[in-house]
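> Have a look at the structure that comes next, please.
The values are calculated or read from the model by the stated rules, or taken from the named source; none is laboratory data. These figures come from a predicted structure and were not determined experimentally. Virtual Cβ from ideal backbone geometry, glycine too; neighbours counted across all protein chains shown. What goes into the accessible areas is simple: the full protein's heavy atoms, side chains included, and nothing from ligands, DNA or RNA. Shrake-Rupley method; radii C 1.70, N 1.55, O 1.52, S 1.80 Å.
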Amino acid sequence: MAASLSAAVDAPADRARILLVDDQPARLLTYEAILAPLGEELVAVQSGEEALRRLMEVEFAVILLDVSMPGLDGFETAGLIHAHPRFENTPIIFVTGVHVGELDRLEGYRLGAIDYVQIPLVPDILRSKVAVLVELYHRRRELRALNQSLAGENASLAQANLDLQIERAREFQALSETLAAANAKLSEANSALEAEVAERRHAEQVSLQLASSLRKLDRRKDEFLATLAHELRNPLAPIRSAVAVLQGPALDEATARHTLEVIDRQVQQLVRLVDDLLDVSRITYDRIELKRERVEIGAVLAAARDMILPSIEQRGQALTLQPPPLPVHVDGDPQRLTQVIGNLLNNASKYTPPGGTIALGARGEGERVRVTVTDDGIGIAAEDLRNVFDLFVQVDAAREHAQGGLGIGLTLVKRLVEMHGGTVSVESEGRGRGARFTVELPCAMEPSLAAPSAGEAGVAGASRRIIVVDDNRDAADMLALTLQMLGHETRAVYDPLLALDAIAAFGPHLAFVDLGMPRLGGLELAGMIRERFGRSIRLVALTGWGQPADRERTREAGFDFHFVKPIELGQVEKLCADG
């Protein structure tokens, strides 16, 4: 980088300087390779702070700025650059490797961004955009030089007037030629300025459109928050009532069993709400990973039917299933595909009155398979069809008849189907005429023979000693009680500072450790357990965070497993059985 700075300081006067800002050296090399044919001076830096230092030393024609950097990110760096009077007109092109939403674009333009380019870069496009800005810089510099030249010419003219008697005609002719050339260059500069003004007017129109979109999104956000509050209260009300029943004086076994079933159903509803919200966030920021395998579409349809059938029967509706006559396979994530079909069935059930009919079917069509979900419910107006897959959208008629929902289920369907290389569409003849949703997916290639993997079925293990470390007493006691019901010997520790002594005294095979504890976090405690007891104890992390980066941190801390709350009983049983 020192060599680049020296070269920048000694750059010839007729070459423009281009500042490249990115924390990844590989990308800087890519920018330099793309922009080298322009013949301009390229200065590469790896942080926003270093970019500001270089700007204070030399002048740059254009700045190529990465949005996502540690320390000062692209937006913060751009704000500091344009806050300085010397650099307020320096053009900036943002480079981003993730999808840029309309709000982010609006913020970038507010900070003075000229344009955005996406990773992976298209060399010709990037080179052309930078070349235009460099050319504008050269023109502005030429204009300044021309003004200086005109000042010199005026001085020469004053001197020439003193000698006008000798060379009046020749000097006048030379001055006329000089003025003609200057006028031509000024005309070109005016044309460039007019083009820039037109571009700014266009940017203003785009800004107005973005502001209108922002207002719509803000209104949808408010509607979503109100709906979310309503949806969270729905399951909480029966849970609170169930707790009151369980605390009552006269409680028979049948009532207790029914009350626990109510609590379980409502907790599952809360889990589904949270999972849907997390899925929307993961898909929006491209953080979701598909666990692809060869899947028979009939099995997916059956699993989705079994998942939604209880609520359909509770509403007095009829569900028919017509799988393909011959097995049809797709290359996809079976859990996510089941989620897609389940969401469509749940949507059809919510907007179909009691006694209505819902049909689920699939058939192969060449290299694709078509899955349809048809209902005879309230239907969709023609003007609402184009919006049904938008985030947080619930059309007016649907909102009046819906039995819960956040307006995100169909958005998840669309994003997940597209991740599988498919498409989803909706048809309706109008309100009161029902609706049909159609999902098309590419069929899988014929499989190659593979040996079955070992250990696909778990075998129940013997009773084990298990310790639970969690500062939340209710959570620790309930998990310990669940493990006791499975036949294991348990201990619950509420203070992480007492965990090491408890482990030494109890000698557990397994330890469930909550990560978010005060005084001593779960990650630090895991390191202390590994240092004192080695690998003799299998450690299980309990947390509400489940992103790949979170799992990597727990693995590096010494955990063997990473469970996201609330954990399923089946997960615990399998873990204990595997030992």
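> How much net charge surrounds Arg200 when only the other residues with a Cβ under 14 Å from the Cβ of Arg200 are counted, with Lys and Arg +1 and Asp and Glu -1?
On the way: positive: Arg110, Arg201; negative: Asp115, Glu194, Glu196, Glu199, Glu204.
Taking every Cβ under 14 Å from that of Arg200, the sum is -3.
> Taking the Cα-to-Cβ direction at Asn154 and at Arg465 and moving 7 Å from each Cα, how far apart do the two end points lie in nm?
My value for the distance between the label points is 9.6 nm.
> Still on this structure, please answer the following. Straight-line reach from Lys216: which aspartates and glutamates have Cα under 19 Å away, leaving out those fewer than 8 places along the same chain?
Glu102, Asp104, Glu107, Glu204, Glu383, Asp384, Asp390, Asp396
> To continue, here is another question. Would you mind working out the accessible area per residue for the chain, using a 1.4 Å probe, and quoting it in Å²?
Details: 32370 Å² over 579 residues.
That works out to 56 Å² per residue.
> Can you compute the modelled spin-label distance between Met478 and Arg15, with each label point 7 Å from Cα toward Cβ, in nm?
So the label points at Met478 and Arg15 sit 6.8 nm apart.
> What ratio of Cα Rg to 2.2 N^0.38 Å holds for segment 71-230?
For segment 71-230, the normalised Cα radius of gyration is 1.63.
> Here are several values of P(r) over Cα pairs in 20 Å bins from 0, in percent: [x] 14, 34, 33, 13, 5, 1, 0; [y] 15, 38, 34, 12, 1; [z] 17, 47, 28, 7, 0. Which one was derived from the coordinates shown?
Evaluating P(r) over Cα pairs in 20 Å bins from 0, in percent on these atoms matches [x].
> For labels at Glu552 and Leu251 in the simple 7 Å Cα→Cβ model, what's the distance in nm?
4.6 nm
> Related question: Can you tell me how much longer the chain between Ala299 and Gln173 gets when fully stretched, taken as 0.36 nm per residue apart minus their C-alpha distance, in nm with one decimal?
On the way: separation 126, 0.36 × 126 = 45.36 nm, distance 9.14 nm.
Here the answer is 36.2 nm.
> Calculate what fraction, in whole %, of the accessible area of the chain sits on carbon and sulfur atoms when a 1.4 Å probe is rolled over the protein chains.
Numbers: 17550 of 32370 Å².
That fraction is 54 percent.
> Mind giving me the FRET efficiency for Leu270 and Arg368? R0 is 45 Å, r the Cβ-Cβ distance, nearest 0.05 is fine. Write out the running numbers ahead of the final one.
Values: r = 37 Å, r/R0 = 0.82.
Taking R0 as 45 Å, the efficiency between Leu270 and Arg368 is 0.75.
> Apply 1/(1 + (r/R0)^6) to the Cβ-Cβ distance of Asp501 and Ala192, taking R0 = 60 Å, and write down the FRET efficiency to the nearest 0.05.
Numbers: r = 77 Å, r/R0 = 1.28.
It comes out at approximately 0.20.
> While we're on this one: What are the principal axis extents of the Cα atoms in segment 17-121, in Å, biggest first?
Sorted from largest, the Cα extents of segment 17-121 read 35, 33, 24 Å.
> I would also like to ask the following. Send over the Kirkwood Rh of segment 290-442, from the inverse of the averaged 1/r over different Cα pairs, rounded to one decimal Å.
On the way: mean 1/r = 0.0648 Å⁻¹.
Its Kirkwood hydrodynamic radius stands at 15.4 Å.
> Keeping all protein chains in place and using 1.4 angstrom, which order do Leu179, Leu208, Leu542, Leu164 fall into by accessible surface area, from largest down? Working shown, then result.
Details: Leu179 80, Leu208 125, Leu542 10, Leu164 40 Å².
Descending accessible area places them as Leu208, Leu179, Leu164, Leu542.
> Let me ask another. At a Förster radius of 45 Å, what calculated FRET efficiency corresponds to the Cβ-Cβ distance of Gln209 and Glu142, to the nearest 0.05? Don't skip to the answer; put the middle values down first.
Values: r = 36 Å, r/R0 = 0.79.
So, using R0 = 45 Å, E works out to roughly 0.80.
> Taking the dipole about the Cα centre of the chain, with the C-beta of Lys and Arg at +1 and of Asp and Glu at -1, give me whichever of Val245, Ser212, Val132 is farthest to the positive side.
Of the options given, the answer is Val245.
> Where a Cα-Cα gap under 30 Å defines reach, which lysines qualify for Lys565, not counting those fewer than 8 residues away within the same chain?
Lys221, Lys291, Lys350, Lys414, Lys574
> Search the structure for amide H atoms under 5 Å from the amide H of Leu319, placed 1.01 Å from N in the peptide plane, and list their residues when 5 or more places away or on another chain.
Ile358
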